[in-house]
Amino acid sequence: MAFYEADAAWHTGEQEMHKLLRVPAQDNPTQPYLTPQASNTLIRSPLIALGSLDEEGRPWTTVWGGEAGFSRAIAQGIIGVRTTVDREYDPVLKVLLGDKADGEVVQVQGTGKMVSGLTINLETRKRVKLYGRMVAGALAATEEGIGEVQLVVKIEQSLGKPCAVCGTMHSSDLE
């Protein structure tokens, strides 16, 4: 049986912030895969904030929404998002799919573009941070300026909402 141990060290910037804010030493709760808790929160969340970097390395963010279930795990470590978007002004859509439309599938060859995500369920205050790489995507025009996007992302890291008191994950966070 093989075990995978991820590099759980904090990023140097995070370490510096912990030092400045006098945060007690703690393990990094980020997991190197899509956790069951992250998958469960993802399918129950009606919102997801997505981010990526453009060709010049500038960060862009958007918020996509829909009925709970519009984003979900579709395979082990892979999520799919399907929702209505603004085809003209959504910066992340432009970064990930360019000007592809009318159902043309963009399949990534090699390493896909970085995608960060934050699922948000405002009713339950549950949230999960995600990081991964785009695998494929498509945008179909539905009406002028509007379209339906389908995005597939391979998740490389996930982090559920840690306890507000001690900063660690508890079994109740997995519900």
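Bear in mind these aren't lab numbers, they're just calculated from the coordinates by the rules spelled out. It should be emphasised that the depicted structure is a prediction, and the values quoted were computed from it without experimental measurement. Neighbour counts are summed over all protein chains in view; Cβ atoms, including those assigned to glycine, are modelled from backbone coordinates with ideal geometry.
In this rough spin-label picture, where each label sits 7 Å from Cα along the Cβ direction, the Ala136-Met17 distance is 3.5 nm. For the listed peptides 109-120, 84-95, a ranking on the average number of other beta carbons within 10 Å per residue, highest first, reads 84-95, 109-120.
Between the helical axis of 12-21 and the dominant principal axis of the chain, each derived from Cα atoms, what acute angle in degrees is found, rounded to the nearest 10? So the inclination is approximately 60 degrees.
Structure shown: which of Lys19/Lys129; Lys19/Lys154; Lys100/Lys126; Lys129/Lys154; Lys126/Lys154 lie over 25 Å apart, alpha-carbon to alpha-carbon? In this structure, Lys19/Lys154; Lys100/Lys126 exceed 25 Å between Cα atoms. Label points 7 Å out from Cα along the Cβ direction at Lys129 and Thr61: separation in nm? Going from the Lys129 label point to the Thr61 one covers 1.1 nm. Rounded, prolate or oblate, given the Cα gyration tensor of the chain, with a/c below 1.5 counting as rounded? Because a/c hits 1.5 or more and a/b exceeds b/c, the chain counts as prolate.
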